[in-house]
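The block underneath contains the structure these notes are about, expressed in structure tokens.
Values quoted throughout were computed directly from the atomic coordinates according to the rules given, and no laboratory measurement underlies them. Because the structure is a prediction, the values reported are computed rather than measured. Please note: Cβ atoms are built from the backbone with ideal geometry, for glycine as well, and neighbour counts cover all protein chains shown.
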Amino acid sequence: MAKRTNFFQKSSKAAKEITGESVYRILTLSITAFGFVVALAWSAVIQELLSRFIDPLIPGQIVLSRFIYAILVTVLAAVVIYQLTKISVRNSEK
């Protein structure tokens, strides 16, 4: 009977760990999805600002202004990702 009780205790503990990990993954995916939606919304706003204010300053160079926008967003994303990675590594070392 002791073996059976021990088995159920281990199974219950494993099930709780799986459930906790699943909740963490679902939470992470949900936050990522909302972040993606927010990024799309801001992208639309920034593109509209480019169309209204920057494109008239350099007529006929719409592609150039979009290229500059893409470079700026890429640099910003790289800096943020780098900083977040440093924070994550620092926290995992503690």
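Between SER30 and ARG66, what length comes free when the chain is fully extended (0.36 nm per residue of separation minus the Cα-Cα distance, one decimal in nm)?
10.0 nm
If each of PHE53 and ASN91 carries a label point 7 Å out from its Cα toward its Cβ, how far apart are those two points in nm?
Result: 3.4 nm between the two label points.
Using label points projected 7 Å from each Cα along Cα→Cβ, tell me how many nm separate ILE81 and ILE46, to one decimal.
1.4
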